[in-house]
Amino acid sequence: MDWQAFVLTLKLASVTTAILLAVAVPLAAVLVLGRGRWLAALEALAALPLVLPPTVLGFFLLVLLGPRTAIGRGITVLLGHPLAFSFGGLVVGSVIYSLPFAVQPLVAGFAAVDPALVDAARLLGAGPPRLVASLLVPLARRSLLAAAVLSFLHTVGEFGVVLMLGGDIPGATRTLSIVLYNEVENFDYSAAGRTAATLLGLSVVALAAIYLGGRPKRDRRG
Amino acid sequence: MEARRGGFHLQVECSFASEWTVIFGPSGAGKSTLLRLLAGLDSAERAKIALDGRVLTDSAQRLALKAGQRRISMVAQQPALFPHLSVAANVAYGLAGLERESRNARVAEMLELVDATSLESRRPRELSGGEAQRVALARALAPLPRLLLLDEPFSALDGKASDALLERLQLWLAEHRMQTILATHDATDALATAAEVALLREGRLAALGPAAEVLASERERLSRKLGTPNLLR
């Protein structure tokens with residue numbers, strides 16, 4: 001078992017999930033509460049990683065963050081090293097790749113909140129930030145949990161973007177998915193079995209959190 | 001103001017001077033649409049709305065104050081209490097700008113006004129329909145709005161409770177010089193509460209004046225239409 005890759009995978013998934021929730025909550029709120037035709041374009045953009053092959057996304061990001069573009073050169077000057085083939089690069093790729101898995105459950109959850117409650121809060125002076133913090137998020141707790149778990153799991157299991165953007169650098173960009181690929185390539189099926197079982201275990205535990213933790217309590221009053 | 005909602009066309013030009021105005025009309029006449037436009041919850045194609053000389057909406061100037069900036073509160077038929085908050089927290093929701101002590105005092109005053117002091121720690125799911133309506137009223141009054149809009153809010157209360165609450169409410173509103181517009185399709189409500197009645201029919205203002213006059217002329221019109229004598233005269 002490659003514990004270094006295990007820790008790196010958990011670190012990547014945790015950082016990615018935290019950033020995704022910070023981005024996806026306001027984005028989903030804009031998509032649900034906003035008005036205007038541009039929202040359809042924004043929603044399509046946020047869903048694009050769902051249909052884009054991971055290797056294609058990884059390739060575009062590799063080019064964008066590399067020395068051939070002004071953005072890539074700017075980031076290199078700012079950080080002192082290129083973002084591609086680094087942990088930071090993996091985080092950027094993972095956030096973009098898993099964005100729909102955070103946004104879509106939140107959009108569904110926010111849209112299910114009774115519009116009469118939103119009207120009441122607006123009349124009582126709640127602006128968009130308070131509306132989101134005091135009404136939408138508490139009433140869509142289960143969607144928030146689903147968004148967090150799906151983002152985490154999707155990042156744990158990603159392969160194409162990681163390989164294209166991060167390569168296979170031990171301790172920096174080698175995640176469990178890359179380890180599993182390497183083990184299979186080397187015909188080390190027993191090690192591959194352990195790595196795959198670890199990934200499976202992570203998925204089962206996280207899904208159990210959605211289905212058990214987010215389950216509404218039964219009203220015992222009958 | 002002028003607004004279109006699908007096939008429905010609302011076109012109204014009026015000024016309400018009375019402290020109590022009742023917008024009376026059948027279902028689908030545009031009463032709720034009118035209240036939502038006044039509150040700033042919906043936008044109109046063309047509108048100029050002013051309250052106490054302060055312009056709230058002026059489509060020609062592309063001006064539209066947000067709902068929470070108008071000093072207008074509204075209670076609809078559906079109480080729309082926040083289900084995850086206690087009754088006291090619901091009433092305190094619009095008082096974010098107040099210090100804790102003043103906020104608590106205002107919440108207590110409002111709950112007493114609507115006879116809901118004993119409910120303060122309950123959740124909305126633990127309230128009856130009438131209790132929820134009273135709490136919704138307390139929540140709307142708490143920020144001391146300049147204009148209170150009531151969209152058939154007493155339908156869940158029984159007759160006696162409704163009359164008693166209305167009496168207390170009218171005294172309190174008069175004391176705080178709060179203007180009120182009540183939308184109803186019930187002529188009894190219109191007669192019981194109104195100094196001024198606006199009769200709305202198919203999105204148009206058909207009459208505006210003292211309750212007895214407007215309602216009598218509407219009865220006359222309906223009698224003529226049905227070809228029966230006006231037995232209520």
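Nothing in this text is a laboratory measurement; each read-out follows from the coordinates by a stated rule. Note that the structure is a prediction, hence the values are computed from the model and not measured. Cβ: placed from backbone, ideal geometry, glycine included. Neighbour counts: every protein chain shown.
Between region A:94-113 and region B:1-48, what is the C-alpha centre distance in whole Å? Between the Cα centre of region A:94-113 and that of region B:1-48, the gap is 37 Å.
Sort A:Tyr181, A:Tyr211, A:Tyr97 so that the residue with the fewest other Cβ atoms within 10 Å of its own Cβ comes first and the one with the most comes last. Mind dumping the intermediate values first?
On the way: A:Tyr181 17, A:Tyr211 11, A:Tyr97 25.
Sorted ascending by nearby Cβ count, the order is A:Tyr211, A:Tyr181, A:Tyr97.
The Rg/Rh ratio of chain B, with both radii computed over alpha carbons and Rh defined as the Kirkwood radius, is 0.99. For B:Lys48, a cut-off of 12 angstrom between C-alpha atoms picks up these aspartates and glutamates, skipping any fewer than 8 places away in its own chain: B:Glu2, B:Glu13, B:Asp58.
With N residues in chain A, what two-decimal value do you get for its Cα radius of gyration over 2.2 N^0.38 Å?
Numbers: Rg = 19.9 Å, N = 222, 2.2 N^0.38 = 17.1 Å.
Chain A yields a ratio of 1.16.
Annotation for B:Glu99 and B:Ala212: the two label points, set 7 Å from Cα along the Cα-Cβ direction, are 5.0 nm apart. Of all aspartates and glutamates in the structure, those lying under 18 Å Cα to Cα from A:Lys11, and not within fewer than 8 positions of it along the same chain, are A:Asp2, A:Glu158, A:Asp168. Which Cα, out of A:Ser151, A:Ile96, A:Ala70, lies furthest along the positive dipole direction of region A:3-213 (beta carbon charges, K/R +1, D/E -1)? Value: A:Ala70.
Within a straight-line Cα-Cα reach of under 19 Å, B:Lys160 can be paired with the following aspartates and glutamates, leaving aside sequence neighbours fewer than 8 residues apart in one chain: B:Glu112, B:Asp115, B:Glu131, B:Glu152, B:Asp186, B:Asp189. Taking label points 7 Å from Cα along the Cα-to-Cβ direction, A:Phe187 and B:Lys225 give a separation of 9.1 nm. So if I take the centroid of the Cα atoms in region B:131-181 and the same for region A:19-51, what is the distance between those two points in Å? Measuring centre to centre over Cα atoms gives 40 Å. Model label points for B:Ala50 and A:Val51, set 7 angstrom from Cα along the Cα-to-Cβ axis, are 5.2 nm apart. For region B:80-144, the relative contact order works out to 51 percent when only alpha carbon pairs closer than 8 Å and six or more residues apart are counted.
Taking only the alpha-carbon atoms of the protein assembly as shown, what semi-axes of the equivalent ellipsoid follow from 5 times the gyration tensor eigenvalues under a square root, in whole Å, largest first? Kindly include the intermediate steps, with their values, before the conclusion.
Working: eigenvalues 677, 121, 74 Å².
Equivalent-ellipsoid dimensions as semi-axes: 58, 25, 19 Å.
As a proxy for reagent exposure, A:Val107, A:Val25 were ordered by neighbouring Cβ count within 10 angstrom, fewest first; the result is A:Val25, A:Val107.
How high is the FRET efficiency from B:Ala174 to A:Ala197, r the C-beta distance, R0 56 Å, rounded to 0.05?
Values: r = 74 Å, r/R0 = 1.33.
For R0 = 56 Å, the calculated efficiency reads 0.15.
Mark the label point 7 Å from the Cα of A:Leu21 along Cα→Cβ and return the residues of region A:89-110 whose backbone N is within less than 20 Å of it. Zone members listed by number: A:91-110.
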